[in-house]
1. Is it the case, given these coordinates, that residue 35 is touching a Phe, Trp or Tyr at 6+ places or on another chain (Cβ under 6 Å), surrounded by 11 or more Cβ atoms within 10 Å (Cβ to Cβ) and in a helix (DSSP H, G or I)?
2. If you take the residues of region 51-95 that are hydroxyl-bearing (Ser, Thr, Tyr) and assigned to a helix (DSSP H, G or I), which of them is modelled with the highest pLDDT?
3. Could you please let me know if residue 101 is crowded, with 16+ Cβ neighbours inside 10 Å and not basic (Lys, Arg)?
4. When both residues are 6+ apart or on different chains and their Cβ atoms are under 6 Å apart, which pairs have a first residue that lies in region 48-60 and is surrounded by 15 or more Cβ atoms within 10 Å (Cβ to Cβ), and a second that is modelled with pLDDT under 90 and not aliphatic (A, V, I, L, M)?
5. Name the residues in region 4-32 that are more than 17 Å from residue 72 (Cα to Cα), in a helix (DSSP H, G or I) and either under 37 Å from the mean Cα position of the chain (by Cα) or not aromatic (Phe, Trp, Tyr) (or both), would you?
6. If you check residue 89 against the conditions, is it farther than 30 Å from residue 157 by Cβ and of a type in the set (Phe, Trp, Tyr)?
7. Pick from region 92-134 the residues that are of a type in the set (S, T, N, Q) and closer than 27 Å to residue 153 by Cα: which of them is nearest to the chain's Cα centre (by Cα)?
8. Out of region 123-142, which residues are modelled with pLDDT under 80 and surrounded by 11 or more Cβ atoms within 10 Å (Cβ to Cβ)?
Amino acid sequence: MVRNLPFPLMEAMREQLRAAAIRERGVSDSTARGFSKRLSQPALVTAFLLAHLDVRIDTDQATRTAAELFRSQDPLLGSVVERMDALEYRENEHSTQLQRLHEALQLVHETSAAIEQAVAYSIADKTENFLRGSHNIHDAPITHKDAIYVRDKVRDETRKRAKLEEDRDGKPIR
């Protein structure tokens, strides 16, 4: 609770706020003076401390505006606060985009696994003829052990081939 601060101290803060409002917002002197007078003593002190200590708490709009105006007194601090806010916004955007990409990648992974299994089944079916004259797709043993074997064999050979090509091309210098 803020009470009974010395009058000259409160007037100095109100005067700084008035001058910042005129300079930064381009409002008239009477409007700026009225805004600084309307702020209660606790709101004025809170705004001053928020601006100078760079603390973030939820306050009313008038206190937030006063804190922004107090920050403008120190251009370096105001610039740092603006940049930090922009970085925080960008980080939130990047996190959201990364989450979307992760979800899309998960769908691609699931789809590629299904395609891989179907191709392996198709290859195994060419040699084993699983359906043997039946033309009903519901009878197709998609997870037949021979199809699983072909899929695993193709995976292993693909990994070996990729490793061989990587070794052949050489590793990048770091």
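The values are calculated or read from the model by the stated rules, or taken from the named source; none is laboratory data. Since the structure is predicted, the reported quantities are computational estimates derived from the model, not experimental observations. Note: ideal-geometry Cβ built from the backbone for every residue, glycine included; neighbour counts use all protein chains shown.
1. Details: touching a Phe, Trp or Tyr at 6+ places or on another chain (Cβ under 6 Å): no; surrounded by 11 or more Cβ atoms within 10 Å (Cβ to Cβ): yes; in a helix (DSSP H, G or I): yes.
Considered against the rule, which asks whether it is touching a Phe, Trp or Tyr at 6+ places or on another chain (Cβ under 6 Å), surrounded by 11 or more Cβ atoms within 10 Å (Cβ to Cβ) and in a helix (DSSP H, G or I), residue 35 comes out as no.
2. Kept after step one, since they are hydroxyl-bearing (Ser, Thr, Tyr), are these residues of region 51-95: 59, 63, 65, 72, 79, 89, 95.
So of that shortlist, the ones also assigned to a helix (DSSP H, G or I) come out as 63, 65, 79, 89, 95.
On the way: 63: 90, 65: 90, 79: 73, 89: 93, 95: 96.
Within region 51-95, the match that is modelled with the highest pLDDT is 95.
3. On the way: crowded, with 16+ Cβ neighbours inside 10 Å: no; not basic (Lys, Arg): yes.
Against the criterion (crowded, with 16+ Cβ neighbours inside 10 Å and not basic (Lys, Arg)), residue 101 does not qualify.
4. 48/70; 51/70; 51/71
5. First pass over region 4-32, keeping only residues more than 17 Å from residue 72 (Cα to Cα): 4-11, 28-31.
Right, trim to in a helix (DSSP H, G or I) and you get 7-11, 29-31.
8, 9, 10, 11, 29, 30, 31, listed by residue number.
6. Details: farther than 30 Å from residue 157 by Cβ: yes; of a type in the set (Phe, Trp, Tyr): yes.
It is true that residue 89 is farther than 30 Å from residue 157 by Cβ and of a type in the set (Phe, Trp, Tyr).
7. 106
8. Listed by number, the residues that qualify are 125, 128, 130, 131, 140, 141, 142.
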